[in-house]
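**Q** This is the structure, below, for whatever I ask next.
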Amino acid sequence: MNTLTRSFHLLIPHRLSARLIARLHPLARAMSYESSISRLPSPLKDLVVTSQADVGKTEADKAEVAQWIEKVAEGEVALPDLETQLVPRTYIVSNYLTAADVALYGALHPVFSQLQPAQLYSTPAVTRYFDHIQTRPSFSSVSFDLASAPPIERKVDAPKKKEKAAAVAEQVEPTAVAPVSKENKSPEDKPKEKKEKKKDAAAADNGGKKKEKASTPAGGKTVAEDAGEPVPSMIDMRIGHIVDVKKHPEADSLYIEQIDLGEETGPRTVVSGLVSYIPIEEMRDKYLVCICNLKPANMRGVKSFAMVLAATSKDGKDGGVELIQPPPGCKPGERVYFEGPDYENALPLAQMNPKKKIFETIQPGAETAFLQDLEC
């Protein structure tokens, strides 16, 4: 990788040299894999060829792999655009490692080897992606010192004021209204009036109770607030039990699981890209850990309502991928948390805002602690 570091610099942080970054072209010309590979600089081309990575399992994937390699060859990749595209993805094309990932890794390597922790922290999705790809045995690793990185300043949107009704009232000109006598009221108006009086009385009696109940959650635990820097307690991790699993009819690399999470509504549908790494026989009847407060995502026509946690070997995916299994005796629905009163006594967010990248911020560089400190 030393020759690559000296001869090929594709991605440069926009705040360091914005003029050298080209925007992604939305209508990039389609090329074959061979012709796109031939346009890469020699060290990067050798890296992609010797990696023997998949060039695409379908015609659509092959075309997209060739298109990404062409973008790398022409320098048509920018960090901000790449960050946006990688937020919901594990790989740049489909759900498995391809030659496009190797080409991007080779282009990113000389940049990431020189970035400071604060710069790495500013693009959490790209950092996570690069760290994941570099676990392959033949790749040169870059060590990330994320512990010393400054916390991310996250701006919280100010609460919206209910001024809509007042604004409408100001726009309406006052008009004279004739008084309505009791004799002129229609039979339909009388029941409505009675219902409104009952609602007002009920609100007056129970208003205090509602406020008191909302401010004091069950068990005296503190509800996690979607403000400040991301903390692990914002993530809703629970024990799950796979009660059914099958392959996705429209995607060869995806499983569709029915996972019991101890909810009255029944099992959740979860889609995961583990077909290439874990046989379906090893998925059946498994207990595992799920993230349950991500925004539901549509995966090739099937909506997924959680995310399965899996671990990759230190030797890369060739060394094995396994489900994160809870200790014996855990039951579906039990919460999984990090050790410490700050985490144990806090409730997770109802749903994490994907724009604030809470999980993507916590995940990079925390793999070892993540697996060792979990308790249920």
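A short reminder: the numbers here are calculations on the coordinates, not readings from a lab. Just so you know, these numbers come straight off a predicted model, no measurement behind them. When we count neighbours, we look across all protein chains shown, and the Cβ atoms used for this are built from the backbone with ideal geometry, even at glycine.
**Q** Each residue of segment 306-323 in turn: what ³J(HN,Hα) in whole Hz from Karplus with 6.51, -1.76, 1.60 and θ = phi - 60°, glycine and Pro shown as x?
**A** Couplings: 6, 9, 7, 9, 10, 10, 9, 4, 4, 8, x, 5, 5, x, x, 10, 10, 5 Hz.
**Q** Taking H as built 1.01 Å from N, whose amide H comes closer than 5 Å to the amide H of residue 77, not counting residues under 5 places away?
**A** Counting only residues 5 or more places away or on other chains, the set is 22.
**Q** Taking 45 Å as R0, compute the FRET efficiency from the Cβ-Cβ separation of residue 34 and residue 355 and round it to 0.05.
**A** E between residue 34 and residue 355, to the nearest 0.05, is 0.70.
**Q** Here's another thing I want to ask about it. Consider all pairwise Cα distances in segment 70-132 and report the whole-number % of them above 17 Å.
**A** 34
**Q** Whose amide H sits under 5 Å from the amide H of residue 54, counting only residues 5 or more places off or on another chain, with H placed in the peptide plane?
**A** 99
**Q** What order, most packed first, do the peptides 120-131, 45-56, 312-323, 99-110 have when packing is the mean number of other Cβ atoms within 10 Å of each residue? Please report the intermediate quantities before stating the final value.
**A** On the way: 120-131: 22.3, 45-56: 17.5, 312-323: 14.6, 99-110: 25.4.
Per-residue mean Cβ counts within 10 Å order the peptides as 99-110, 120-131, 45-56, 312-323.
**Q** State, in angstrom, two size descriptors of segment 319-366 derived from its alpha carbons: Rg to one decimal place and Dmax to the nearest whole number.
**A** Rg, Dmax (Cα atoms, Å): 13.8, 37.
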